[in-house]
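Colleague: Before we start, here is the structure in question, set down as structure tokens.
Just so it is clear, none of the values below were taken in a lab; they were calculated from the coordinates. Owing to the predicted nature of the structure, the values given are computational and were not obtained by experimental measurement. Cβ sites come from the backbone with ideal geometry, for glycine too, and all protein chains shown count toward neighbours.
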Amino acid sequence: MKWFFLSISVIVIIGIAYLSPKNYVFASLMDGGDQFFNANTEVEVFKTQPDGLSSIGSVDIFTNKLQFQLPQDWQLAFSRSENNMSTSEFISTKSSLNMWSEMICVQGFKGLGRHASPKVFFAEMVGSYKGNCQGELIYQPLGETQFGDKNAYHALLGCSSLPNLHQAEHASSMSQLQGEMGYFAVVSLDNDLMMLHKSMRGGAFSNDNAPLTEDNYLAFIEHLQPNILSSNHE
């Protein structure tokens, strides 16, 4: 177990969930020049929908498939699957992994659900996040919830001064410190776990003026309308 949690110390895991009403996720889940893809990760972005506002993204997470809506000008910027862990990151076509203002990520952890509940996993993740935070840590637990029939734990997490942990591999190791805040959800998929996160990155802030709060986070995530579908993929 310890080896796994150490592996996420350099990863901020991003994803998204659609909550309605508060504390219940409805139905289930939900670059610019820097793109990295791994053939073992099945990710698709389908054509723009008739409303002209969104595209449908589809990500295979082991024995489940995630489908969700992306804004029209968003695309897959990073995708990789290795060592029982998969990651898919989405950003605006006007952004890059080195310079972004909003990001959505779906990440899967094969077999970890046998050893850790969503709440326990998230507690470990917060510890890793805190280790990278060079400013004030903002943590607002939202508690246990449901993604359809799946157990989950969700929270708001941010840092007033944080390096860009999503930089492309060929980018400089130096990173501008900025404020970053996001909505996180960890979902139990039987033997596996999935982390979903949508974050924003920009100017500095403090706990008193955090950009995401319990009062406004639903407006930040609700447009994605995600769904978890069972799959026959292994």
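Colleague: Which trypsin sites (Lys or Arg not before Pro) in the stretch 62-97 pass both tests, a DSSP loop state and at most 12 other beta-carbon atoms within 10 Å?
Modeller: Lys94
Colleague: Net charge near Ile228, counting Lys/Arg +1 and Asp/Glu -1 over other residues with Cβ under 10 Å of its Cβ? Spell out each step's value before the answer.
Modeller: Details: positive: Lys65, Lys150; negative: Asp149.
Once positives and negatives cancel, what remains is +1.
Colleague: Check which residues have an amide H placed less than 5 Å from Leu212's amide H, if you skip close sequence neighbours.
Modeller: HN-HN under 5 Å from Leu212: empty list.
Colleague: Using Cα-Cα distances under 8 Å and only pairs 6 or more residues apart, what relative contact order does the stretch 76-164 have, in percent?
Modeller: Working: 121 pairs, mean separation 18.0, N = 89.
So the answer I get is 20 percent.
Colleague: Could you list which residues have their amide H under 5 Å from that of Phe62, counting only those 5 or more apart in sequence or on another chain, with H placed in the peptide plane?
Modeller: For Phe62, whose amide H was placed from the backbone, there are no distant partners under 5 Å.
Colleague: In sequence order, what are the phi-derived ³J(HN,Hα) couplings for the stretch 58-70 according to the Karplus relation 6.51 cos²θ - 1.76 cosθ + 1.60 with θ = phi - 60°, rounded to whole Hz, with x for glycine and proline?
Modeller: 9, 10, 7, 10, 6, 9, 10, 10, 9, 10, 7, 9, 10
Colleague: Compare the peptides 154-160, 112-118, 73-79 by average per-residue count of other Cβ atoms within 10 angstrom and give them in order, highest first.
Modeller: Ranked from most to least packed, the peptides come out as 154-160, 73-79, 112-118.
Colleague: Between their Cα atoms, which of Lys130/Lys198; Lys65/Lys130; Lys119/Lys198; Lys65/Lys94 are more than 20 Å away from each other?
Modeller: Among Lys130/Lys198; Lys65/Lys130; Lys119/Lys198; Lys65/Lys94, the Cα-Cα distance tops 20 Å for Lys65/Lys130; Lys65/Lys94.
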